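**Q** Please read through the structure below; I'll follow up with questions.
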Amino acid sequence: MTSKSFADSLRQQISDTMTHDWRYYDPVYHLPKDVGTTHVSVLGPGNDAVSVSSSINQYFGARFRSVSTGIILNDGMRDFSFPDMTVHHIPPCPANFIEPGKRPKSSMTPFIVLNSTGDVRLVLGAAGGVRCETASAYTTMHYLRFGTSLASAIELPRLHHSLKPNKIYTEVDRPFEPEEVFAGLTEIHRWKTSQDIAVLQGVVQEGASIFAHSDSRKDGHAAGF
């Protein structure tokens, strides 16, 4: 997944002038959708950084509470693929089958970006199930490639597409502009609005300065010492 050749093969499928039906992208296997997460990004003295996401998955997880700890147990087993479950004629992913000591595929995307000298540049992560991936990539692109400030990159209106089904999600309270960008897409894709497309927490280090931002899509604030 992290190889440059694989990234190049995906990049070659992207066109600046047209879009395609989901079958064009050749989704070999189907993976279950995961949901709800929470995330914390931390940057401390000495170049110490932590980016951690956690989840109990569905609402109230497995719906069991530990008698000894009071903790609600997760239902992460739902994120595994099962040999007898085929979705939209696409077979389940063998790499995601249950095995001893194995964790299922997850959309959680906590990450830390280092510069060429090994110093922390960006600490980022998201809450929001399958939308974590697109939101994190979109925000990182704006910050690292387009020079957008961390706060602005996190607060920008977002799009989300899961490849299948052909639905493009935009945010209800944050219209995506300009509209002409989407001219002609309605013939292939359906448009839907969503209240929020993930919630991000990020910290960046720029020279001797540290900047942090907590996504206003969810009540929260950055804190420092």
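**Q** So how do 198-205, 65-72, 137-144 stack up, highest first, on mean other-Cβ count within 10 Å? If you can, show how the numbers build up before the last one.
**A** Working: 198-205: 24.5, 65-72: 9.0, 137-144: 17.6.
Output ranking for 198-205, 65-72, 137-144: 198-205, 137-144, 65-72.
**Q** Another question, then. Rounded to a whole number, what is D in µm²/s for the stretch 56-105 from Stokes-Einstein with the Kirkwood radius over alpha-carbon pairs (10 °C, 1.306 mPa s)?
**A** The diffusion coefficient I find is 128 µm²/s.
**Q** Starting at 0 and stepping by 5 Å, how many percent of the alpha carbon pairs of the chain end up in each bin?
**A** Calculated P(r), rounded to whole percents: 1, 6, 11, 15, 17, 17, 15, 10, 5, 2, 0, 0.
**Q** Over the stretch 40-118, what is the relative contact order in whole percent, taking alpha-carbon pairs under 8 Å and six or more residues apart?
**A** Across the stretch 40-118, relative contact order equals 23 percent.
**Q** Can I ask one more? What does the charge add up to near Ala153, with Lys and Arg as +1, Asp and Glu as -1, over the other residues with Cβ less than 11 Å from its Cβ?
**A** 0
Since every read-out is calculated from the coordinates, none of them should be taken as a lab result. These numbers come from a predicted model, not from an experiment. Here Cβ is always computed from backbone atoms with ideal geometry, including for glycine, and neighbour counts include all displayed protein chains.
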